[in-house]
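The values are calculated or read from the model by the stated rules, or taken from the named source; none is laboratory data. Model, not experiment: these values are computed from the prediction. When we count neighbours, we look across all protein chains shown, and the Cβ atoms used for this are built from the backbone with ideal geometry, even at glycine.
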Amino acid sequence: MKFTAIRENHLYQKAYSKGKRFVTPAIAVYVLPDWARERLRRAHPEKITVNRIGLTVSKKLGGAVVRSRVRRILREAYRRLDKQHCVRTGYLIVLAARQGAVEMKSTDLQKDMYRALRKLDMLRQP
């Protein structure tokens with residue numbers, strides 16, 4: 001299932017400045033309650049509350065191929081965690097890749113993301 005992406009720059013800035021964060025060597029996770037969640041729930045075809053996800057991968061990490069690979073791995077790690085551990089809904093979540101993510105395998109990155117989301121109290125029991 002595709003997730004809803006954060007498209008506006010001001011939402012990234014709000015998540016960075018006002019959101020809770022947890023940083024690992026591979027990923028920095030920022031979480032902020034989404035004030036538009038009710039409007040988005042009403043507009044959703046299935047009337048469910050969703051998270052809006054933002055991915056950031058800096059040019060410092062490498063060329064376009066490397067950055068695209070890291071983005072794919074981040075998306076897949078979030079999908080697996082959401083499927084296995086039911087991530088809380090109604091939040092803006094920004095996943096910012098760091099230098100450690102370039103060398104990591106997808107399972108290792110998923111473990112880091114799990115640890116970060118658990119520390120931020122974003123996981124609930126299925």
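Only residues that are within 20 Å of K119 (Cα to Cα) and either surrounded by fewer than 18 Cβ atoms within 10 Å (Cβ to Cβ) or modelled with pLDDT of 95 or more (or both) were counted across the stretch 31-51, and they come to 3. Cβ-Cβ distances below 8 Å connect the following pairs, each with a first residue in the stretch 31-44 that is under 21 Å from A96 (Cβ atoms), a second residue that is assigned to a helix (DSSP H, G or I) and basic (K, R), and a separation of six or more residues or different chains: L32/K14; L32/K18. Select from the stretch 74-115 the residues that are in contact with a Ser or Thr (Cβ under 6 Å, 6 or more places away or on another chain), within 24 Å of N9 (Cβ to Cβ) and either among the hydrophobic types (A, V, I, L, M, F, W, C) or surrounded by 19 or more Cβ atoms within 10 Å (Cβ to Cβ) (or both) and list them in ascending order. Passing the criteria: only A96.
Residues in the stretch 98-126 that are among the hydroxyl-bearing types (S, T, Y) and over 20 Å from V65 (Cβ atoms) were compared, and the one that is nearest to the chain's Cα centre (by Cα) is Y114. Assessment of the stretch 65-81 against the conditions (among the hydroxyl-bearing types (S, T, Y) and under 16 Å from F3 (Cα atoms)) yields at least one matching residue. Say whether the condition of being outside any helix (DSSP H, G or I), in contact (Cβ under 8 Å) with a residue 60 or more places away in the chain and of a type outside the set (A, V, I, L, M) is met by at least one residue in the stretch 5-19. Taking every residue of the stretch 5-19 in turn, at least one turns out to be outside any helix (DSSP H, G or I), in contact (Cβ under 8 Å) with a residue 60 or more places away in the chain and of a type outside the set (A, V, I, L, M). Quick one: is L74 more than 21 Å from R124 (Cα to Cα) and out of contact with any Gly (no Cβ under 8 Å at 6 or more places or on another chain)? It is false that L74 is more than 21 Å from R124 (Cα to Cα) and out of contact with any Gly (no Cβ under 8 Å at 6 or more places or on another chain).
With respect to L123, determine if the residue is more than 21 Å from G62 (Cβ to Cβ) and in contact with a His (Cβ under 8 Å, 6 or more places away or on another chain). Yes, satisfied. Of the residues making up the stretch 6-14, none is within 20 Å of E103 (Cα to Cα), under 16 Å from the mean Cα position of the chain (by Cα) and not hydrophobic (A, V, I, L, M, F, W, C).
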